[in-house]
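Below is one structure, written out as structure tokens; the observations come after it.
The values are calculated or read from the model by the stated rules, or taken from the named source; none is laboratory data. Predicted model only: the values in this text are computed from it and were never measured. We place every Cβ from the backbone using ideal geometry, glycine too, and count neighbours over all the protein chains shown. For the accessible areas, the whole protein counts, side chains as well, though only heavy atoms, and no ligand, DNA or RNA atoms are used. Shrake-Rupley method; radii C 1.70, N 1.55, O 1.52, S 1.80 Å.
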Amino acid sequence: FLTTSVGDLIYLYYALILMAPSLGFPCNSELLMALGGSLAALGFMKLGIVLFISPLAILIGDTITFHLGKRYGETVLNSRFVQKLFPLEKQLQVRKILQDNAKKFMFTVRFVPVLRSFIFLTAGSMQIPSKIFFAMNGLSTFIYAPAVGAFSFLAATGMQELAAEGQGRSKWIA
């Protein structure tokens, strides 16, 4: 799908796909970041743009999820169904732990695949300060996303070189 995109639309589609895991869609953002680096190595996208777009798109998705938690979290947490599963006493304990450790928590969540969107939603509903969310999630994302993209670019480039070298050697063997 991405490789058949016309012109710069590939970057828009890539950004939208990268937002999906943050919004709760069942796909892995690490694989999508690696896809971006690999497509850059194959010449479909420019690496610099991929490394710039990746953290921004992820942060946009994270921010939407976090603010949905901030906006609607109290209503959900106070519902009868959630109260049965997660009573108010437990909620207050979790809120205290999260607020006491908010910086460390928001930084390390980036490195926990699969549960991130749920954790950001919970952090928003537990009223983690927005400044801490943006600072720590932004820092970890701007470290992690470009690193995954760059490493996948290097790996894909290396695989291309190995394939080309293997084709050259097969001529000598045949």
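So for the stretch 90-97 (the condition being of a type in the set (A, V, I, L, M), modelled with pLDDT under 95 and buried (at least 18 other Cβ atoms within 10 Å of the Cβ)), does at least one residue qualify?
Going through the stretch 90-97, the residues of a type in the set (A, V, I, L, M) turn out to be 92, 94, 97.
Next, only the ones that are modelled with pLDDT under 95 stay: 92, 94, 97.
Within this subset, residues satisfying the condition of being buried (at least 18 other Cβ atoms within 10 Å of the Cβ) are none.
Checked the stretch 90-97: no residue is of a type in the set (A, V, I, L, M), modelled with pLDDT under 95 and buried (at least 18 other Cβ atoms within 10 Å of the Cβ).
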Report summary line: The condition from (1) under 28 Å from residue 153 (Cβ atoms); (2) in contact with a helix residue (DSSP H, G or I) (Cβ under 8 Å, 6 or more places away or on another chain); (3) among the β-branched types (Val, Ile, Thr) that residue 114 misses is numbered (2)
Query raised in the report: Mind checking whether some residue in the stretch 47-57 is more than 30 Å from residue 157 (Cα to Cα) and of a type outside the set (Ser, Thr, Tyr)?
Result: no
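Identify, from the list 52, 25, 44, the residue that is at pLDDT 95 or above and open to solvent by 10 Å² or more (accessible area, probe 1.4 Å). Spell out how you get there, then give the answer.
Details: 25 fails: at pLDDT 95 or above; 44 fails: at pLDDT 95 or above.
Exactly one of 52, 25, 44 is at pLDDT 95 or above and open to solvent by 10 Å² or more (accessible area, probe 1.4 Å), namely 52.
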Query - Qualifying helices (runs of 4 or more DSSP H) (wholly inside the stretch 51-119; at least 1 residues being within 28 Å of residue 35 (Cβ to Cβ)) - result: 102-108
Requested in this report: May I ask you to list pairs of residues, at least six apart or on different chains, whose Cβ atoms are under 7 Å apart, with the first in the stretch 114-135 being open to solvent by 60 Å² or more (accessible area, probe 1.4 Å) and the second being β-branched (Val, Ile, Thr)?
Outcome: 121/65
Requested in this report: Please give the number of the condition residue 143 fails out of (1) in a helix (DSSP H, G or I); (2) surrounded by 16 or more Cβ atoms within 10 Å (Cβ to Cβ); (3) aliphatic (A, V, I, L, M).
Outcome: (2)
Query raised in the report: For residue 94, all conditions in the list (1) in contact (Cβ under 8 Å) with a residue 40 or more places away in the chain; (2) within 23 Å of residue 140 (Cα to Cα) hold save one; what is the number of the exception?
Result: (1)
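State yes or no: is residue 64 among the aliphatic types (A, V, I, L, M) and more than 30 Å from residue 156 (Cα to Cα)? Please lay out each step first, then the result.
On the way: among the aliphatic types (A, V, I, L, M): yes; more than 30 Å from residue 156 (Cα to Cα): yes.
Against the criterion (among the aliphatic types (A, V, I, L, M) and more than 30 Å from residue 156 (Cα to Cα)), residue 64 qualifies.
Among the listed residues 31, 16, 35, identify the single one that is open to solvent by 40 Å² or more (accessible area, probe 1.4 Å), more than 19 Å from residue 136 (Cα to Cα), without any contact (Cβ under 8 Å) to a residue 40 or more places away in the chain and in a helix (DSSP H, G or I). Before the answer, list the steps.
Values: 16 fails: without any contact (Cβ under 8 Å) to a residue 40 or more places away in the chain; 35 fails: without any contact (Cβ under 8 Å) to a residue 40 or more places away in the chain.
Being open to solvent by 40 Å² or more (accessible area, probe 1.4 Å), more than 19 Å from residue 136 (Cα to Cα), without any contact (Cβ under 8 Å) to a residue 40 or more places away in the chain and in a helix (DSSP H, G or I) holds for just one of 31, 16, 35, which is 31.
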